[in-house]
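**Q** Structure below; questions to follow.
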Amino acid sequence: MNLNKIYSDLLRTIGFSGNEIQQNWNDLEKAYSKKSRHYHNLTHLEEMIASFEIYSNQLQNPNEILFAIFYHDFVYSASKKDNELKSAEYALKVLGEKSNLNTQLLFDAICATQHHAHNTNEDINWLIDFDLKILAKDWEDYKNYFEQIRKEYRIYPDFLYKPGRAKALKHFLEYEFIFQTNEFRNLYEDQARRNIEKEISLLESKK
């Protein structure tokens, strides 16, 4: 997948010119390629965009959602709790007055990737599901994912990380559904719950 081309085509479509596009891409690539990013990196964007490309015909505002995918983890620090807000603010700063994109939708979509709760806007529900699809991978891929997350949180010792991670995972299980669209529920809900339950058991068995 050529992320640069997908990004450039999107920005060209919404009114950016060549030099601006290249500079913005350089900034984006640099942010997602930091050494501290073991999961929230360009590969994560590729996987989300792969889902986006399959389901884009379900979206009312595909350009906004694609732009949101590119910027939803632009600001990412494991020790901060306002990454999504900062990312949303940065996305609007990049957009400026360049296009007629729905900036409120864009802002709300990026912020929604913090808690992954059901949204009244169906486009945002699709974005949430694209972000969470990793939870329903086969066990080896899922295991690789949570090991990458652990590396991102390596500043925290196990006695802090493990109960914190387990608590976050239990929140997903407390929801009636992890996934927000019927399509993803039918395809991925059961596998995601099995993976999460298995990870929780690992976290709690090695205290």
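The values are calculated or read from the model by the stated rules, or taken from the named source; none is laboratory data. These figures come from a predicted structure and were not determined experimentally. Note: ideal-geometry Cβ built from the backbone for every residue, glycine included; neighbour counts use all protein chains shown. Keep in mind that these areas ignore ligands, DNA and RNA; they rest on the heavy atoms of the full protein, side chains included. Shrake-Rupley method; radii C 1.70, N 1.55, O 1.52, S 1.80 Å.
**Q** Right, I200: touching a Leu at 6+ places or on another chain (Cβ under 6 Å), surrounded by 15 or more Cβ atoms within 10 Å (Cβ to Cβ), β-branched (V, I, T) and at pLDDT 95 or above or not?
**A** yes
**Q** Right, next: Identify, from the list I155, I149, the residue that is open to solvent by 60 Å² or more (accessible area, probe 1.4 Å), under 17 Å from S79 (Cα atoms) and of a type in the set (V, I, T).
**A** I155
**Q** So is S77 among the polar types (S, T, N, Q), open to solvent by less than 60 Å² (accessible area, probe 1.4 Å) and assigned to a helix (DSSP H, G or I) or not? Outline the logic, then answer.
**A** Details: among the polar types (S, T, N, Q): yes; open to solvent by less than 60 Å² (accessible area, probe 1.4 Å): yes; assigned to a helix (DSSP H, G or I): no.
In short, no.
**Q** Another question, if that's okay. Going by the structure shown, is H116 under 26 Å from A88 (Cβ atoms) and over 17 Å from the mean Cα position of the chain (by Cα)?
**A** So H116 fails the test.
**Q** Can you find even one residue in region 113-126 that is of a type outside the set (V, I, T) and farther than 28 Å from R193 by Cα?
**A** The answer is no, given that none of the residues of region 113-126 is of a type outside the set (V, I, T) and farther than 28 Å from R193 by Cα.
**Q** Same structure, new question: So is Y145 in contact with a Ser or Thr (Cβ under 9 Å, 6 or more places away or on another chain) and touching a residue at least 40 places away in the same chain (Cβ under 8 Å) or not?
**A** Criteria not met by Y145.
**Q** Next question. If I go through region 44-54 residue by residue, how many of them are open to solvent by 30 Å² or more (accessible area, probe 1.4 Å) and aliphatic (A, V, I, L, M)?
**A** Residues that pass the stated criteria total 2.
**Q** Can you name every residue in region 1-35 that is assigned to a loop (DSSP other than H, G, I, E, B) and at pLDDT below 95?
**A** Those that are assigned to a loop (DSSP other than H, G, I, E, B) and at pLDDT below 95: M1, I14, G15, F16, S17.
**Q** Exactly one of (1) closer than 24 Å to Q180 by Cα; (2) out of contact with any Phe, Trp or Tyr (no Cβ under 6 Å at 6 or more places or on another chain); (3) at pLDDT 95 or above is unmet by K81. Its number?
**A** (3)
**Q** Go through region 1-43 residue by residue and tally those that are free of Cβ contacts under 8 Å to residues at least 40 places away in the same chain, under 24 Å from R154 (Cβ atoms), surrounded by 13 or more Cβ atoms within 10 Å (Cβ to Cβ) and not hydroxyl-bearing (S, T, Y).
**A** So the answer is 3.
**Q** Now for a different question. Would you say E64 is among the charged types (D, E, K, R), assigned to a helix (DSSP H, G or I) and open to solvent by less than 20 Å² (accessible area, probe 1.4 Å)?
**A** Taking the combined requirement at face value, the residue satisfies it.
**Q** Kindly provide the set of residues from region 77-119 that are of a type in the set (D, E) and over 22 Å from N41 (Cβ atoms), ordered by number.
**A** If the condition is that a residue be of a type in the set (D, E) and over 22 Å from N41 (Cβ atoms), then E97, D108 are the ones that fit.
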